[in-house]
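See structure below.
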Amino acid sequence: DLPQKYQELFIHDHPDILRNLDGIPPQIRDNLNREYLATQLASFEELIASGEEYDHAVYEDLLALRTVLDRADSYTIEQGESPSFLLLLDTTGRQTKAAVAYGDVTTADHVQVFVPGFTTTVRNNFLSHFEEMRLLAFREESLLPKDSTDTVATVTWFGYDMPQWSQTLGENYV
């Protein structure tokens, strides 16, 4: 463990290294990824306002993630549910990669992870899969013994380039 002073310095100086790095506490990754999300959305909005070209798919992915996080935050604030953490946000590569935890995966006794498959995208599917995983956490908690102090967390993990139809039917993909 680094002393607090050095942790803060490293977070300040190297956020892009830490925000998606396994082993970093979810609260830190969440803060860094939410800052990155806000910065990226602001950059896209500037491009749109100026009439410049931009990557529509990435922008829609970022908007979808903001919707997921807004909803998750409202569950925490308004209903007292477990907090959610944006553990991964990567807009490089063929598709946007993202992971959101419902609950603290570092302290939970039971953790389930959902990894989607064929034709899945952040913009089209993340919200519904996050909601399904949230409900799964409730279901698992209801199955625990009444006197149990166990906790549950779930992760909706879109952390790889999911294959799409256009990538499977072209001559370079057969």
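The values are calculated or read from the model by the stated rules, or taken from the named source; none is laboratory data. None of these values were measured; they are calculated from a predicted model. Cβ atoms come from the backbone with ideal geometry, glycine included; neighbour counts cover every protein chain shown. The area values use the complete protein model at the heavy-atom level, side chains included, leaving out ligands, DNA and RNA. Shrake-Rupley method; radii C 1.70, N 1.55, O 1.52, S 1.80 Å.
For the range 110-138, what are the residues that are open to solvent by 50 Å² or more (accessible area, probe 1.4 Å), over 19 Å from D61 (Cα atoms) and touching a strand residue (DSSP E or B) at 6+ places or on another chain (Cβ under 7 Å)?
H110, V111, V113, L136
Looking at the range 3-23, is at least one residue hydrophobic (A, V, I, L, M, F, W, C) and in contact (Cβ under 8 Å) with a residue 60 or more places away in the chain?
Within the range 3-23, none of the residues are hydrophobic (A, V, I, L, M, F, W, C) and in contact (Cβ under 8 Å) with a residue 60 or more places away in the chain.
Please state which one of L88, L62, L21 is more than 29 Å from D150 (Cα to Cα), among the aliphatic types (A, V, I, L, M) and either modelled with pLDDT of 95 or more or in a loop (DSSP other than H, G, I, E, B) (or both). Reasoning before the result, please.
On the way: L88 fails: more than 29 Å from D150 (Cα to Cα); L21 fails: more than 29 Å from D150 (Cα to Cα).
So the residue among L88, L62, L21 that is more than 29 Å from D150 (Cα to Cα), among the aliphatic types (A, V, I, L, M) and either modelled with pLDDT of 95 or more or in a loop (DSSP other than H, G, I, E, B) (or both) is L62.
Does I11 satisfy the condition of being at pLDDT below 90 and among the β-branched types (V, I, T)?
yes
Restricted to the range 112-131, and to residues that are outside any helix (DSSP H, G or I) and under 26 Å from T151 (Cα atoms), which residue is modelled with the lowest pLDDT?
Looking at the filtered set, the residue picked out is P116.
Taking the residues in the range 147-168 that are among the charged types (D, E, K, R) and modelled with pLDDT of 95 or more as candidates, determine which candidate is surrounded by the most Cβ atoms within 10 Å (Cβ to Cβ).
Out of the qualifying residues, it is D150.
Kindly indicate the residue of the range 26-51 that is more than 14 Å from the chain's Cα centre (by Cα) and of a type outside the set (A, V, I, L, M) and also nearest to T96 (Cα to Cα) among those meeting that condition.
Q40
What number of residues in the range 24-40 are surrounded by 15 or more Cβ atoms within 10 Å (Cβ to Cβ) and assigned to a helix (DSSP H, G or I)?
11
Any residue at all in the range 65-78 that's open to solvent by 80 Å² or more (accessible area, probe 1.4 Å) and more than 17 Å from F130 (Cα to Cα)?
yes
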